[in-house]
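A short worksheet on the structure shown next.
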Amino acid sequence: MVKNKRDIVTCEYGDILAENIVDNVGQLLIKESTIIDKNIKMKLMEMGVQYIYVYKNQESEKEEKIMKINDIYEKDRVIIKKTFERLSQGKMLETREANEISDGLFEKIVNEPFINNYLTDLYERDSYTYIHSLNVGYYCMVLGKYLKFSHYNMGEIIKAGVLHDIGKIKIPLKLLNKKEKLSKEEFEIIKLHPLLGYDIVKNADSISEDVKLAVLMHHEKENGSGYPNGLKGQDIPLYAKICAIADIYDALTTNRAYKKKITPTHAFKILRSMAGDHLNVELLLIFLENAYRCYF
C-alpha cells in the first residue's frame, strides 16, 4: 500500500494510519495501523493535528461521495462546538439545543441530492469555499434559532447559507485564491458569482424561490450600493440579509490565502460599523447581542 500525506480534514473513515501519532515528548498517542473512524478523527482534530500519513482506503465512488460530506460535517461540528466555546465559554447555546439544530436537520439538508452533488464537486475544486459554505450554513442556522424560525424555515435558511456561493464554482480559481489585490476587471468577474449561482439553481425543483433569491442577492446592501442589482433594504429578501451577516462573519474569522483571520471580538466591531449602510440593523443587533453575551 502507498503511504499518503493527508490533511486531517480530508482523511476518510476507513483510512489506515501509516505512522504512530506522538506528542511533543515522544509519548505514543495513537498507534500505527489504527483505522480512522469518527472518534479517532475527532480526537486528532481536538489535539490540533493538521496532517497525518495514511494508507488510502479503496471505496466505491458512491461511498466516497457520502464519506466526504459526512467527513466535513463531523469536522464542522468540531469547529462550531469550539466556536461556541470560544465565543461564550459554552453558554451561547446549550449542548442539547445545538445538537437538536445541527445533528438531524443540517445533515439532512447537506445530503439532499442537489446540495450533495454541489458540495462534492466543490470539495474537489475549492476547499476554502467548501468549508466556508458549510460554515455559513451553520451561522445562518444559529441566527435562525435566535429568530425563532420554524423547522421548515430553519431548513430553508440552512440551504440558503450552504448554497450562497454556488456561483463561485464557475469563477477561475486563480482569482478566488489570488494573494495580491484584485484589479478592477478581476473584481468585476468575482462579482458575477451571484448571477452565476442563480443561473445554476433557478431550474432546480428542490430549491425554493426564497433560497434562489438569497443566492442572487446576498451581496446587496441596505443603502443600495451592493450587487448585482443595487437593491435597497426594503427590496432585499430576509434570507439574503441573514446570509450576508453569516458570510461576512465567517470570512472575517477564517484564514485566506490573502489575509489572516481576526478575532471574533474584532469581527463584531467591524460588523457593527456596517450596520445600516451595509447590513440590516435589526438582524445584526440580534446576532451581536447574543454573541456579546459570551464576552461581556
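For segment 205-267, the set of chymotrypsin sites (Phe, Trp or Tyr not before Pro) satisfying both a DSSP loop assignment and a count of at most 12 other C-beta atoms within 10 Å is given as 258. Spin-label pair residue 128-residue 37: with each label point 7 Å from Cα along the Cα-Cβ axis, the two points sit 3.7 nm from one another.
When 266, 218, 278 are sorted by how many other C-beta atoms sit within 10 angstrom of their C-beta, beginning with the fewest, the order is 266, 278, 218.
Modelled spin-label separation between residue 274 and residue 179, with each label point placed 7 Å from Cα along the Cα-to-Cβ direction: 2.5 nm. Shown is the FRET efficiency for residue 111 and residue 256, computed with R0 = 30 Å from the Cβ-Cβ distance and rounded to the nearest 0.05: 0.60. Annotation: the residues 254, 263, sorted from fewest to most other C-beta atoms within 10 Å of their own C-beta, follow the order 263, 254. Loop only by DSSP, 15 or fewer other Cβ within 10 Å of the Cβ. Give me the GluC sites (Glu not before Pro) in segment 189-270 that pass, ordered by residue number. Sparse-neighbourhood loop GluC sites (Glu not before Pro): none present.
Once the C-beta distance of residue 285 and residue 223 is scaled by a Förster radius of 25 Å, the resulting FRET efficiency is 0.90 to the nearest 0.05. Of the trypsin sites (Lys or Arg not before Pro) found in segment 228-296, the ones in coil according to DSSP and having at most 15 other Cβ atoms within 10 Å of their Cβ are 260, 261, 293.
In terms of other Cβ atoms within 10 Å, 166, 115 run from fewest to most in the order 115, 166.
Every read-out reported here was derived from the displayed coordinates using simple, explicitly stated rules and does not represent laboratory data. Note that the structure is a prediction, hence the values are computed from the model and not measured. No Cβ is skipped: glycine too gets one built from the backbone with ideal geometry, and neighbour counts run over all protein chains shown.
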